[in-house]
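**Student:** Mind having a look at this structure? Questions to follow.
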Amino acid sequence: MPQDRTELDHQKWMHRCIQLADLGKEWVAPNPMVGAVLVHDGGVLSEGWHHTFGSTHAEVECLRGWPGEIPTGAVLYVNLEPCAHHGKTPPCADLLIERGVKSVVVGLQDPFAAVAGKGIARLRAAGVDVRVGVLEAECRWAQRRFLTSVEVERPYIILKWARTADGFLDQQPRISRTVQRISTPATDTLVHRWRSAEQAILVGSRTVVNDDPSLTVRLVAGRQPLRVVLDREGITPAASHVYDAQGPTLLFTGLQRNDISADQFRIETDTDPITCILEELHRRSIRSLLVEGGAELHTHFLRSGRWDEVRVITGSGKFDRGTPAPQMDGTAAMRRTSDTDLIELFVNPMSPITKDLQIDPEWHL
């Protein structure tokens, strides 16, 4: 059955809210990504989005762009429910009421306990017409990091690896302690953009020993993520790049390391290190975790089912021998090319977050 014009307009402007929200991806965590659009007679009066953690919310930014009287019939679109509590900023629901907004279209109700329907209820109690659930599936995909933290109480987990055309993560035997290039420079830049969008990056001790990665954002502008190292045996050299001053580092270890200055978390020998890592990161309000290696660590996440996304980069070169890349079951949900590289996105059908998500067809990563 064809959709009416009003419904198509609602979807159009909600999609614009999602696009605006994405502009804050590198900076707003642990807050959710939110965009807002004020529309009248089919035209945009003002737009806004949440820029950085602790800054004014999207609705405030939007209404600042239209300081005059709100026209009769104007509609404010926002991809996440306006807040109704005093946090780092005053309640957005109160501002909308004060400014005289009479119609609000919301993509997704906020699951955060301090909001969770209260903003919608406050607007309706003040006589504002509120429509909820426009492009809800798409809004959940855009908000998947925040939703995982609130609903599942752990970070959103992205596994990422690069493999050669013949299926290897690296070439053996090793002749030097450095990263072995598989992807093209264009894809390397994309990976740095991915890093800037996540709050933490995790690698195992063998990756540090073999590759000596920096795990920093260098090729794009963005926030430096928390570098997380799992090294239960204390085998990573103290002079490794991951322990330098280029970014914060959290070491999970069974042994206290006095030769490095990184923040350290002791793991008991009889505990599951992945559980410890996820619990501690959640306690620190880390909404997302990018796991960059190595093969053993990736396999542990895959076998335990504790993952939400897998991003696989396949380069055009070959190593002939080396460490085999993990094998993914099923078909990729999305495929993209980057120069001569193939990038595939897999989502976990058993994850409470990704199993029902509507993936953005433009795959904004």
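**Student:** Check each of the GluC sites (Glu not before Pro) in region 196-271 and keep only those in coil by DSSP with at most 12 other C-beta atoms within 10 angstrom; list them in order.
**Tutor:** Passing both the DSSP loop test and the Cβ count: 233, 268.
**Student:** Okay, moving on. Of the trypsin sites (Lys or Arg not before Pro) in region 69-103, which ones lie in a loop per DSSP and count no more than 12 other C-beta atoms within 10 Å?
**Tutor:** Qualifying residues, ordered by number: 88.
**Student:** Now for a separate question. Comparing 258, 79, 31, which has the greatest mean-square fluctuation in the GNM of the chain with Cα pairs linked when under 10 Å apart?
**Tutor:** Top of the fluctuation ranking is 258.
**Student:** Restricting to lysines 8 or more places apart or on different chains, can you count the pairs in the chain with Cα atoms under 30 Å from each other?
**Tutor:** Going through the chain pair by pair, I get 15.
**Student:** Something else about it: Please report, in cubic angstrom per residue, the volume enclosed by the convex hull of the alpha-carbon atoms of region 5-142.
**Tutor:** Spread over its residues, the Cα hull of region 5-142 gives 93 Å³ apiece.
**Student:** Then there is this: Mind checking which of 329, 272, 22 has the largest fluctuation in a GNM of the chain, springs on alpha carbons under 10 Å?
**Tutor:** Fluctuation is largest for 329.
**Student:** Mind checking which of 105, 228, 152 has the largest fluctuation in a GNM of the chain, springs on alpha carbons under 10 Å?
**Tutor:** 152
**Student:** Taking N as the number of residues in the chain, what value does Rg over Cα atoms divided by 2.2 N^0.38 Å take?
**Tutor:** 1.08
**Student:** Hey, another quick one. What's the percent breakdown of Cα-Cα distances in region 75-124 across 5 Å bins, shortest bin first?
**Tutor:** Result returned by the calculation: 5, 24, 35, 26, 9, 1.
**Student:** For a quick check: with amide H placed at 1.01 Å from N, whose amide H comes under 5 Å from residue 159's, ignoring anything fewer than 5 positions away on the same chain?
**Tutor:** Result for residue 159 returns 291, 308, 309, 310, 311.
**Student:** Check each of the chymotrypsin sites (Phe, Trp or Tyr not before Pro) in region 5-77 and keep only those in coil by DSSP with at most 16 other C-beta atoms within 10 angstrom; list them in order.
**Tutor:** Filter output for region 5-77: 53.
Every number here is computed from the coordinates shown, using simple stated rules; none is lab data. As the structure is a computational prediction, the values presented were derived from the model and not from experiment. Ideal geometry is used to build each Cβ from the backbone, glycine not excepted, and the neighbour counts take in all protein chains shown.
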